[in-house]
Amino acid sequence: MLIFGMWSLLVTAAFMPALSYGTSRQDVLVANSSSRLLLADVQGGANHAFGSSRSTSASRISGQTPFQVADKWVLIFKQDVTVQAIQSLCVEAEAVSQGRFSGSCRRLHTGSLLKGISGTFTAADVHRIQAAFSDSLLIVEKDGIMQVDQGSSSPSTTPSSSVHSSPSSSSSSSSSSSSSSSSSHSKPEEEAQAASSSAVETSSLGSATPPWGLDMIDQRSLPLDGLYHYNSLGSGVNIYMIDTGIRFTHTEFGYIDGSQGSRAVPGFSVFGDNNSSDCFGHGTHTAATAGGLTFGVAKNATLIAVRALNCMGQASYSDVITAMQWVADNVQYPAIVSASIAGNYSAAVNQAVSSLLNDYGITVVAAAGNSNEETCGWSPAGAPGVIAVGAVDSQMRRWYSSNWGNCTTLHAPGVDILSAGLASDTASAVMTGTSMSAPHAAGVAALYMQNNPGASPQDVQAQLAASATPNVMKDDPALADSLNGSVTYEINISSTPNLLLYSMLNDQGVILPSVINITSSLATLTFSLSLSAAPGQDVQVSIQSPTATWHPSQALVLISPSSLLFTGATWNSPQQVSLSPAAVSVGDFFLGLTYRSADSFYNGAFQTVRVNNNQTLTGETAASPRAISSLPFVVTDSISKFADNYTQPCPNVIAAGRAGPEVIYAYTPLTSTYVDISTCNSTFTAAIYVFTNPDDATAFSCTNSNITCSSSDAVGWSYGMTNLRLFGGITYYIAIEGPFEAIGNYMMSVSEAAALQSA
């Protein structure tokens, strides 16, 4: 089994008629005392519009019959078979001397999950083993290999840049059969890795601007608000990442409180090299999505690297089973397995998953797969009880290659996901696939399990499904809404749960009201805050206002008090917070509430209060202009929040019908003077015009010169005014406009004319 899509070669009973499979799922033999095994061609999988048919043929080697050709197998026995009996099969000298079989074992599965062997055997070997163990042989199937290939993020885009891969260090990649490595059936996972030392910006609330995936999972609908709200950190939860390993020294895996060390720790390597470091990049990316400081959902979870995939992004069924066995033997609770892997249906892998879920109580989250087929036909996602995660894009559309059907639990962001890269300790990478969706859900499961450490896998799956947002996901446009069964394509995915992952499963604070409406800068507004549960230790909550884009030190609201203290005696007593809005409206924004406490339930939690700013937008028209009180005057702001209220006042620079939004300033000089007006350092070429009648926008003067700006200016020049004469006692309205419907951030400076300054 490997990341996304594997060609499965199976066994069928000897005397059964030829089978025709109408779905993408293939069954494996469950042996009993009356069955005999035969290595046979297995053809299955409907050749439908968005999936290729599955067809394999037995290997043919000159001079050998199919019965004598060795191939890779997984054989699983019932639990009543002794370990000694299984081990005896893999003592080649004994086995050969007794004429039992001529094959070689690769792995012994003698743990509590499964009992069995995997290795290279002929069909004759398999028959002899079945004869020796009679009705104790439970599962027989081919051991397959698949590989991550490169692709494009959508049908219309060009292939993404390839990821550098180290040579394989395991035998699994070099020992794959030609039939298993030549599959055209599976959709590749799509990856584009870009090394970067600064992948994100810092917001005014002091937290990193989140990737869109985090931004989406904390809200119910579009548009995204540009923030990731979280009320838990996943503290104390262990996420076992079955993947390509982790780059443990990456900065994403530090502690949220700045403590030394890494939350990503070595676990296990199936390759016997005691090295679970990442040599491919996929595991580092998925781990940071689940629990990275910037890119991650659960920012204080522990991430354990279980390296089952080699440096080419490959693994086998037996490798994955071995990895799962290690998790079972070494688990620390509360525990989650995050498996961004997918392959054709494997009864052996599903059996191992079932044991993790039901015997060990370990929650399992898996990628649904990237083949646009039924998830039920894939492993491990198709195993009952698994949280199987499909992919959506930033518009809440199902990704065109994401698997579907009622074995899919829910969907999560999976297209163009930014997370940690392998190139350095600060590198970032962008990848696409259900591999990226699964760790989002694993992270949310960790958020829930921090506060519910005794939750069963069934409880966690039900919680995520119940809290997911229903009926907001659309299908990919290329599939014309087949999600709702409204098209005539050969597939119909209307059985797919229309559920989108939602991360806000519980809140530390009770905020009333949860939405604050500002109608005037003169109003004093209040909200109250109390805790949702009695804390074990005191809780301090700091409340922050974002700052103005044009003046980083100016808060949009004044907050009093800006810090609240809750104790075990006062936790449920609401405390009042007063807000005094700034005079200038900037639209809606969010206040940030950050919790600090020795109580892990509260420590590090973050919530927001939505502020709807409905006061009149100063500067919208000449009736409510922004004031210029003295010269020189410099201002920076965004013009995009204003409307286009004036029609073509400056025909020499603004084409008819192509005017953009304006912002209006007013200046009344005490005495007559000459001024220079510049828009240098704006992010667009801004036009300026001046008028004196607030009821008539006919320009008193339009842009009269092109001003050369400094070399640091993005545009290099500016429309402006030079030596503009203003008379004392008259109010002049200065309009900044985006010609040709341009929008962006503007900077305007108004000063006495250079000729006057030099006089």
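One residue stands out among those in the stretch 582-619 that are open to solvent by less than 20 Å² (accessible area, probe 1.4 Å) and among the β-branched types (Val, Ile, Thr): the one that is modelled with the lowest pLDDT, which is VAL609.
The set of residues in the stretch 330-346 being open to solvent by 10 Å² or more (accessible area, probe 1.4 Å) and at pLDDT 95 or above consists of ASN330 alone. Within the stretch 348-360, the presence of at least one residue that is touching a strand residue (DSSP E or B) at 6+ places or on another chain (Cβ under 8 Å), more than 16 Å from ALA445 (Cβ to Cβ) and open to solvent by 10 Å² or more (accessible area, probe 1.4 Å) is confirmed. Restricting the stretch 206-224 to residues that are within 17 Å of SER419 (Cβ to Cβ) and of a type in the set (A, V, I, L, M, F, W, C) leaves a set whose member that is modelled with the lowest pLDDT is ALA208. Scan the stretch 400-430 for residues that are open to solvent by less than 10 Å² (accessible area, probe 1.4 Å) and not polar (S, T, N, Q) and the total you get is 11. Candidates are the residues of the stretch 502-528 that are open to solvent by less than 40 Å² (accessible area, probe 1.4 Å), aliphatic (A, V, I, L, M) and closer than 30 Å to ALA441 by Cβ; the one that is modelled with the highest pLDDT is MET504.
Could we say that TYR240 is within 30 Å of GLY509 (Cβ to Cβ), aromatic (Phe, Trp, Tyr) and open to solvent by less than 30 Å² (accessible area, probe 1.4 Å) here? Step through it out loud before you land on a result.
Working: within 30 Å of GLY509 (Cβ to Cβ): no; aromatic (Phe, Trp, Tyr): yes; open to solvent by less than 30 Å² (accessible area, probe 1.4 Å): yes.
No; evaluated as a whole, the condition is false for this residue.
The C-beta contact set for the stretch 665-693 (first residue acidic (Asp, Glu), second residue part of a loop (DSSP other than H, G, I, E, B), distance under 6 angstrom, 6+ apart or interchain) comprises ASP676/ALA753.
Of the residues making up the stretch 299-321, none is open to solvent by 10 Å² or more (accessible area, probe 1.4 Å) and among the small types (Gly, Ala, Ser). Among the residues of the stretch 531-539, is any modelled with pLDDT under 90, among the β-branched types (Val, Ile, Thr) and not in a loop (DSSP other than H, G, I, E, B)? The answer is no; no qualifying residue exists.
Residues in the stretch 262-282 that are of a type outside the set (Gly, Ala, Ser), in a loop (DSSP other than H, G, I, E, B) and surrounded by fewer than 18 Cβ atoms within 10 Å (Cβ to Cβ): how many?
Kept after step one, since they are of a type outside the set (Gly, Ala, Ser), are these residues of the stretch 262-282: 263, 265-266, 268, 270-271, 273-275, 278-280, 282.
Next, only the ones that are in a loop (DSSP other than H, G, I, E, B) stay: 263, 270-271, 273-275, 278-280.
Filter once more, keeping what is surrounded by fewer than 18 Cβ atoms within 10 Å (Cβ to Cβ): 273-275.
The total comes to 3.
The set of residues in the stretch 374-399 being open to solvent by 10 Å² or more (accessible area, probe 1.4 Å), under 28 Å from THR322 (Cβ atoms) and out of contact with any helix residue (DSSP H, G or I) (no Cβ under 9 Å at 6 or more places or on another chain) consists of GLU374, CYS376. The condition (being surrounded by fewer than 19 Cβ atoms within 10 Å (Cβ to Cβ), at pLDDT 85 or above and not hydroxyl-bearing (Ser, Thr, Tyr)) is satisfied by just one residue among LYS72, LYS115, LYS78: LYS78. For the stretch 659-681, filtering for residues that are of a type in the set (Phe, Trp, Tyr) and open to solvent by 20 Å² or more (accessible area, probe 1.4 Å) leaves 2.
The values are calculated or read from the model by the stated rules, or taken from the named source; none is laboratory data. From a predicted model like this one, the values you see are computed outputs, not experimental measurements. Ideal geometry is used to build each Cβ from the backbone, glycine not excepted, and the neighbour counts take in all protein chains shown. All accessible areas refer to the heavy atoms of the entire protein, side chains included, with ligands and DNA or RNA removed. Shrake-Rupley method; radii C 1.70, N 1.55, O 1.52, S 1.80 Å.
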